[in-house]
Structure formats: structure tokens, C-alpha cells
1. As a test, work out the antiparallel percent of DSSP beta bridges whose residues both lie in the chain, rounded to the nearest 5.
2. What is the percent carbon and sulfur in the accessible area of the chain, measuring with a 1.4 Å probe over the protein chains and ignoring ligands?
3. Can you work out the PRE-style zone for residue 75? Point 7 Å along Cα to Cβ, and I want the residues of the stretch 1-42 with backbone N under 13 Å.
4. Which whole-number percent gives the relative contact order of the chain, counting Cα pairs below 8 Å spaced six or more residues apart?
5. Suppose R0 equals 30 Å. What FRET efficiency, 1/(1 + (r/R0)^6) with r the Cβ-Cβ distance, do residue 148 and residue 49 give to the nearest 0.05?
6. Could you give the accessible area per residue of the chain, probe 1.4 Å, as a whole number in Å²?
7. At R0 = 22 Å, how high is the FRET efficiency between residue 27 and residue 6 if r is their beta carbon distance? Nearest 0.05 is fine.
8. With the Cα gyration tensor of the stretch 50-154 in hand, convert its eigenvalues to equivalent ellipsoid semi-axes via √(5λ) and list them largest first in whole Å.
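The values are calculated or read from the model by the stated rules, or taken from the named source; none is laboratory data. These numbers were taken from a predicted model, which means no experiment stands behind them. As a convention, Cβ positions derive from the backbone with ideal geometry for all residues, glycine included, and neighbour counts pool all protein chains shown. We work out accessible area using only protein heavy atoms, side chains counted, and drop any ligands, DNA or RNA first. Shrake-Rupley method; radii C 1.70, N 1.55, O 1.52, S 1.80 Å.
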Amino acid sequence: MPSQSVIRGTVFRVDPVNSRLYVQRDDQIHTIVITADTAITRTDTGTGTGGVVALSALRRGDAVTVTLDAQGRAIIVRATTRELAGRIEAISGRTLVLAGGQIVTLSDDAEVTLDGRTVSPSDLRPGMEVRVRLNPETNAAQEVTARTAGAQPP
């Protein structure tokens, strides 16, 4: 039986065009080759929902466990994420407090969009409706989608 190995880390970058997944573990980036036979799943740990997804559905910041074959190709990719939705009650630096008391800390390189435009985290304001994507293992928010109060979602 060929030897297999497992890498646990965080999605650093997704390259669906070249079928590559870049996984960060500690201070090292691993390049993972995705094949047509690779099984990729993603689960939201908050709701338990999930299932088979395309490589392009994975996002930077997702927690990931990759089982590799002896040649270093991915056999199984299991990603987990957690999404929260709510209204911003207060903001302090990179920390958001949502109505209901959830506290979210943005990662240093979090992607923030407001009404469909990429913005700085400093553009977020109390009262905005947000959807936040977290790494369930680190609780760092990698993606925030916000809309101004009363605006239709993009």
C-alpha cells in the first residue's frame, strides 16, 4: 500500500485554473496538486451543512485537512468554515461586536466588501448588516461582506 500523508492547515490560496491548492501550516506554504479524482468537501461548523464542492468554492482562511498519496497529490480535501450573519453593534480596531454579542476579530489580510465594492475594514460602521466567514479553528475572520443599512444585497 502506498504511503499517505496528511496536512492540516489553512487555505492560503486557491488556483482552480492550474488545479492547485496552497495550504499554510505554521510558516510554511504547501502546494497541493488537485486531480480529477480528488474528493473535496466543505462543511459549515455552525450549521453542519455542507457537502461536495468544487476547488473554486474553497476560500482563503478555511481550515483544511488534506490527505495526500505517495506522489503528493490530494486524495481527499476536507475544508471547514463557519459563517455568521448579523448587524454590527460596535467596532474597535479589527474587532466587530455583532448584535447578540458575537465578537469577531478580522485577520490582518481579511477581505472586506461593502455593497459589492472592496473596502478597508475601517469603512465598516455600526448598523451595517454583515456576513462573516471564519476559520472555525482559529476564529479569525477572513471574509466580511457588508451592506449599508437598507441597501439591497449585491
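1. Numbers: 48 of 61 bridges.
Close to 80 percent.
2. Values: 4020 of 8430 Å².
Carbon and sulfur: 48 percent of the exposed surface of the chain.
3. 1-7, 38-39
4. Details: 355 pairs, mean separation 29.9, N = 154.
That works out to 19 percent.
5. The formula returns an efficiency of 0.60 here.
6. Details: 8430 Å² over 154 residues.
Heavy-atom SASA per residue in the chain reads 55 Å².
7. Details: r = 19 Å, r/R0 = 0.86.
For residue 27 and residue 6, the calculated efficiency is 0.70.
8. Numbers: eigenvalues 178, 39, 28 Å².
Three semi-axes, in Å: 30, 14, 12.
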